[in-house]
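Following: one structure in structure tokens, then a few remarks.
The values are calculated or read from the model by the stated rules, or taken from the named source; none is laboratory data. Nothing here was measured: the structure is a model prediction, and the numbers come from that model. Here the Cβ positions follow ideal geometry from the backbone for every residue, glycine too, while neighbour counts run over all protein chains shown.
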Amino acid sequence: MKRTLTVFALFLVAIALLLTSCGTSDSIKSVQLNANGDSAGGTFNLPGVDATLQLKVWAIYNSGKQIDVTNASTWTVTPQGVDQSGAALPAYGPTTVPISASGLMSGIADICTWTDPYNTTVTPNVRWNPPIWEATGFYQVTATYRNFTSEPVGVGVGVQASNTSPVGGCGPTS
């Protein structure tokens, strides 16, 4: 009799375990790309020579938990727009704005995707001082993890001296 009760109790425990996990799945729902740092008008910026921007990729699960999957993600970077001189932005790569396996994006090439427009409220027209930065282009970045691709993040680059600013900088300082 004691053995029958033990077997029955184990059977009930097994059924309870099966029922608590039945119909639930903690699979990935989406992937989110975040950039740690200041933003400039909704676009992040690499301000100055050797500037860096830490990108993080988060797997969002159906249960609501979030796991950092940056090191296991792949990157797609597409130039959008032009530099401050009107030339096409250089292609993404190890000598322009590389992204490390840990998600650290670096500004290496002399690129400026910002311009300080003319102040047309004065004659003669002059550049704004202090500058009022306008983006001429950016690098669109997405991350992919397990066939899930994030929404894009825009990254402006201000790694060279400006030819449009009276203060010599290229873009916002953050």
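Rundown of residues vs (1) surrounded by 15 or more Cβ atoms within 10 Å (Cβ to Cβ); (2) touching a Gly at 6+ places or on another chain (Cβ under 6 Å); (3) under 25 Å from LEU104 (Cα atoms); (4) modelled with pLDDT of 60 or more, yes/no style:
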site: LEU17; (1), (2), (3), (4): no, no, no, no
site: SER21; (1), (2), (3), (4): no, no, no, no
site: GLY37; (1), (2), (3), (4): yes, no, yes, no
site: VAL57; (1), (2), (3), (4): yes, no, yes, yes
site: VAL77; (1), (2), (3), (4): yes, no, yes, yes
site: GLY81; (1), (2), (3), (4): yes, yes, yes, yes
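So how many residues does region 113-140 have that are among the aliphatic types (A, V, I, L, M) and either closer than 18 Å to PRO172 by Cβ or touching an Asp or Glu at 6+ places or on another chain (Cβ under 9 Å) (or both)? Number satisfying all stated conditions: 2.
Filtering region 109-134 to residues that are surrounded by fewer than 21 Cβ atoms within 10 Å (Cβ to Cβ) and not polar (S, T, N, Q) leaves ALA109, ASP110, PRO117, TYR118, VAL122, PRO124, VAL126, ARG127, TRP128, PRO130, ILE132, GLU134. Selection within region 99-108: residues that are within 15 Å of VAL153 (Cα to Cα) and not small (Gly, Ala, Ser). The member of this set that is surrounded by the most Cβ atoms within 10 Å (Cβ to Cβ) is MET105.
Hey, does region 64-73 have a residue that's surrounded by fewer than 19 Cβ atoms within 10 Å (Cβ to Cβ), within 19 Å of VAL159 (Cα to Cα) and either in contact with a Phe, Trp or Tyr (Cβ under 7 Å, 6 or more places away or on another chain) or not β-branched (Val, Ile, Thr) (or both)? Taking every residue of region 64-73 in turn, none turns out to be surrounded by fewer than 19 Cβ atoms within 10 Å (Cβ to Cβ), within 19 Å of VAL159 (Cα to Cα) and either in contact with a Phe, Trp or Tyr (Cβ under 7 Å, 6 or more places away or on another chain) or not β-branched (Val, Ile, Thr) (or both).
Scanning region 78-124 for residues being in contact with a helix residue (DSSP H, G or I) (Cβ under 7 Å, 6 or more places away or on another chain) and among the hydrophobic types (A, V, I, L, M, F, W, C) gives a total of 1. Considering (1) more than 20 Å from ASN36 (Cα to Cα); (2) in contact with a Cys (Cβ under 9 Å, 6 or more places away or on another chain), the lone condition that ALA109 does not fulfil carries the number (2).
Residues in region 117-156 that are under 25 Å from the mean Cα position of the chain (by Cα) and over 21 Å from THR74 (Cα atoms): ILE132, TRP133, GLU134, ALA135, THR136, GLY137.
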